[in-house]
Amino acid sequence: MAVVTRFAPSPTGLLHVGGVRTALFSWLYARRTGGKFILRVEDTDRERSTDEAVRVILEGMAWLNLNADEGPYYQTQRFDRYREVMRGMLVAGTAYHCYCSKQELDAMREQQIARKEKPRYSGLCRNRTEPRPGIEPVVRFRNPLDGAVVVNDLVHGAVTFQNKELDDLIIARSDGTPTYNFCVVVDDMDMGVTHVIRGDDHLNNTPRQMNMLLALDATVPEYAHVPMILGPDGAKLSKRHGAVSVLQYEEEGYLPDALLNYLVRLGWSHGDQEVFTRDEMIAAFDIHDVNKAASAFNPEKLLWLNQQHMVRAEPASLVPHLRAQLRRLGVDSDDQQLLEGVILAQRERAKTLKEMAQNSRFFFIEAVEIDPKAAAKHLAGDGVQVLAKVRAQLAALPDWTTAAIHAALNDLATSVQSGLGKIAQPVRVAVTGTAVSPPIDVTLFLLGRERTLARMDAALGSSPAA
């Protein structure tokens, strides 16, 4: 039987790293087994679901390149199907109308608490055959009264629930709208889902969903409830830890493969390997190997992994990401050779594409503003004279190559009996505006002869012929 997994987020909050890891595990297991991965938006909670949350889900999955084989499906577009299944259950007697009022349910709960019992629906309407005038009923699932449900969880092992502890779940509200747990069951049945991979906060829903599937004569999928992601302090992951919209990681200059690499290692390992390509993750991942202990989110480890992916990637593959960051800074370029050259020069000097873009903006603008502190230190006194000599030396170069620039600067340093640093710093400040850049020969080569000389002239306050 072919594996079918699904990622089924609820658009009541923005997609963050916990949801992304669930999606990743589901996607990887489908890809590893040659199966199918479905995207399903569980939007039955109309009061809390938002269009913005749906947008983040779709754009986030696209940015991560976690492509679905089917979907996105929307539960709000499947209400006719849910009503059809529910009518069949009412006819079969596996569901029933409940006419209990809110006041009756509250009184029932108070009495159970007073008797120190677990609050749950008592089944008062299980055998009712006549409606109550003036009350729109809910529909409840007729849960078995005895026996047990064993969830043979792929992460947690066998987990047993006694049916007497499970009350008769509401599967349709009084206005006829179906509830979450019922929609999930019908969807998983109709879509042929074989493996449900989700957070372990859903584990308590599983026995009820299994009982409904059995009542519908449907095949019960295998379940894997993956552990929660905690903050570095061991508390529940929050916005201050990193539970932000996944698209914020794109804005901050993280690579999608780096984020996925980091998340796959939260609760799963493959020997001592830390850095994984996407293909390596697919080849190695098995849901049976996921650890049931919660994992802590470590922002520094994510930064390290992001740089590892930047260093190992083909420069051309990083160009779209760098351009996106440059556009946020108000600049852009379609010069592929320049963009790839900047990536090669800067990728070991930055941990994110955002940092790389900020450090590289001077490559993509016509003129730079020179930092006053850098000017005071490197363009005062002898610095101006050094800059003038370098300008003359560079203007005379027949070939504008990294090697030729390097040789010219070395020759000048030797002739004036100075270290290369004393020669390079005035040039660096003049052409970049700051005292920090990649190696000066690489920087000048990427800037090109024309822009290099123009910026040096601007720093010198004159424009002699090149």
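We did not get these values from a lab; they are worked out from the coordinates using the rules stated. Just so it is clear, the structure is predicted and the values come from calculations on it, not from any experiment. Virtual Cβ from ideal backbone geometry, glycine too; neighbours counted across all protein chains shown.
Summary of values
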| read-out | value |
| --- | --- |
| Kyte-Doolittle at least 1.0, axis length at least 24 Å by Cα - qualifying DSSP helices, the chain | none |
| Order of Leu24, Leu216 under a 10 Å beta carbon neighbour criterion, fewest first | Leu216, Leu24 |
| FRET efficiency for Trp304 and Leu145, using Cβ-Cβ distance with R0 set to 45 Å, rounded to 0.05 | 0.25 |
| Percentage, to the nearest whole number, of Cα pairs in the chain over 34 Å apart | 51 percent |
| Computed over the range 314-365: relative contact order in percent, which uses C-alpha pairs under 8 Å that are six or more apart | 45 percent |
| Filter on Lys351/Lys373; Lys116/Lys164; Lys118/Lys164 - keep pairs with C-alpha separation over 22 Å | Lys351/Lys373 |
| Spin-label pair Ala396/Arg312, simplified geometry with 7 Å Cα→Cβ offset, distance in nm | 4.8 nm |
| Trypsin sites (Lys or Arg not before Pro) within the range 14-69: DSSP coil, no more than 10 neighbouring Cβ in 10 Å | Arg46 |
| Lys373-Tyr180 FRET efficiency (beta carbon distance; Förster radius 60 Å; 0.05 resolution) | 0.55 |
| DSSP beta bridges in the chain [antiparallel fraction, %, rounded to 5] | 50 percent |
| Expected 222 nm ellipticity per residue - DSSP helices of 4 or more, -39500 (n - 2.57), all of the chain, to 500 | -14000 deg cm²/dmol |
| Backbone N under 14 Å from the Leu247 label point (7 Å along Cα→Cβ), restricted to the range 32-50 | 50 |
| Spin-label model distance (nm) - Ala235 vs Lys164, 7 Å beyond Cα toward Cβ | 4.1 nm |
| Contact order normalised by residue count of the chain, Cα under 8 Å, 6+ apart, percent | 13 percent |
| Label-point gap, in nm, between Glu222 and Lys389 - each point 7 angstrom along Cα→Cβ | 7.4 nm |
| Contact order relative to length of the range 1-135, as percent, for alpha carbon pairs under 8 angstrom and 6 or more apart | 21 percent |
| Estimated FRET transfer efficiency (Arg120, Asp51; beta-carbon r; R0 35 Å; 0.05) | 0.45 |
